[in-house]
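Structure first, commentary second.
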Amino acid sequence: MVAYGLFHFWMSKSSYKYFHHTLLILKDINYLNLWEPVLMANNDLKLLEGWFSPFVWRVKIALNIKSLDYEKIEETLRPKSDLLLQSNPVYKKIPVLIHGGKPICESAIIVEYIEETWTSGPSILSSDPYDRANARFWVAYIDDKLFPSMRSALATDEEAKKPLFEQIEEVLLKMEEVLLNKPFFGGDQIGLIDIVLGSLLLWLEVLENINERKLLFEEKTPALVKWAERFLADPAVVVVMPETDKLIEYAKAFRP
Ligand SMILES: N[C@@H](CCC(=O)N[C@@H](CS)C(=O)NCC(=O)O)C(=O)O
């Protein structure tokens, strides 16, 4: 199985999709659950999650980076559980992280909470206030400009899709500039911007697949393509991401 996965990867075009596929095979047989023996237990952490949610993936990646163990509570959203309605009465959305009985809502805020609460382990945010402000600026930009366009493009007709695709490509070009020649937006390791943008990569692939149109590609954003491969291959990330085919199936429900 492993040999097949690696063979499949090396013999195919070098795209992050195939690389990711190989890593998923490795993940299935537990090769990459490297941190499991050293997970920090007894943190009294519960995560209201959904397998399909890029916002949930953000939190799971941050918890993995910090090697934190947590109880997973899968939320189907139809109907919303009492626990979700009580924990996030304002937005009624996942993810919600419940720490010691206290709920924290909104994915980027949860990631920052994790960073501030568990200061040991790799840092997700720089210690420099200017760098932190900068990271928060791009996080707000991504959530403001990229996700809404992607979400709408999944659920609208051909004509309405055009400006949405333009907006998506504009954001990707901008993020290529922001990345420069660094391995990650956070420098040598995954940081807040990586988590926020990287969590949207699989849904971007779903969008590309459904529309038979590339949005993230080498000719336009070469550094970002390499970054995407690097991000999806990271051990803290690879165990979080579901199979793209499963997401494509799920996304059919959004079609107009
Ligand atoms: N801004 C929120 C977005 C969370 C979000 O949209 N979650 C979706 C699942 S992907 C949800 O719970 N939707 C339920 C609803 O809208 O009723 C965050 O960053 O956490």
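Does Ile94 meet the test of being under 17 Å from Ile195 (Cβ atoms), surrounded by fewer than 17 Cβ atoms within 10 Å (Cβ to Cβ) and near the ligand (Cβ under 9 Å from one of its atoms)?
Here the answer is no, as Ile94 does not meet what is asked.
Among the residues of segment 180-191, is any at pLDDT 95 or above and assigned to a helix (DSSP H, G or I)?
Looking through segment 180-191, none of the residues is at pLDDT 95 or above and assigned to a helix (DSSP H, G or I).
Which residue pairs have Cβ atoms under 6 Å apart, sit 6 or more places apart or on different chains, and have a first residue in segment 174-203 that is not assigned by TED's automatic domain parsing to the domain that holds Val59 and a second that is modelled with pLDDT under 95 and among the basic types (Lys, Arg)?
Pairs that qualify, where the first residue is not assigned by TED's automatic domain parsing to the domain that holds Val59 and the partner is modelled with pLDDT under 95 and among the basic types (Lys, Arg): there are none.
Considering only residues of segment 46-86 that are polar (S, T, N, Q) and more than 12 Å from the ligand (Cβ to nearest atom), which is farthest from Val206 (Cα to Cα)?
For segment 46-86, the residue satisfying everything is Gln86.
Please go through segment 65-108 and pick out each residue that is outside any loop (DSSP other than H, G, I, E, B), under 12 Å from Lys46 (Cα atoms) and out of contact with any helix residue (DSSP H, G or I) (no Cβ under 8 Å at 6 or more places or on another chain).
Glu71, Lys72, Glu74, Leu83, Leu84, Ser87, Lys102
Mind listing whichever residues of segment 138-166 are of a type outside the set (A, V, I, L, M), closer than 23 Å to Arg58 by Cα and surrounded by 17 or more Cβ atoms within 10 Å (Cβ to Cβ)?
Scanning segment 138-166 gives Trp138, Tyr141, Asp143, Phe147, Ser149.
Which of the residues that make up segment 192-225 are over 26 Å from Arg255 (Cβ atoms) and either assigned to a helix (DSSP H, G or I) or touching a Cys at 6+ places or on another chain (Cβ under 8 Å) (or both)?
Within segment 192-225, Leu192, Ile193, Asp194, Ile195, Val196, Pro222, Ala223, Leu224, Val225 qualify.
Which residues, counting only those in segment 109-143, are within 22 Å of His99 (Cβ to Cβ), more than 16 Å from the ligand (Cβ to nearest atom) and not in a helix (DSSP H, G or I)?
If the condition is that a residue be within 22 Å of His99 (Cβ to Cβ), more than 16 Å from the ligand (Cβ to nearest atom) and not in a helix (DSSP H, G or I), then Trp118, Thr119, Ser120, Gly121, Pro122, Ser123, Leu125 are the ones that fit.
The values are calculated or read from the model by the stated rules, or taken from the named source; none is laboratory data. All of these numbers come straight from a predicted model, not from anything done at the bench. Note: ideal-geometry Cβ built from the backbone for every residue, glycine included; neighbour counts use all protein chains shown.
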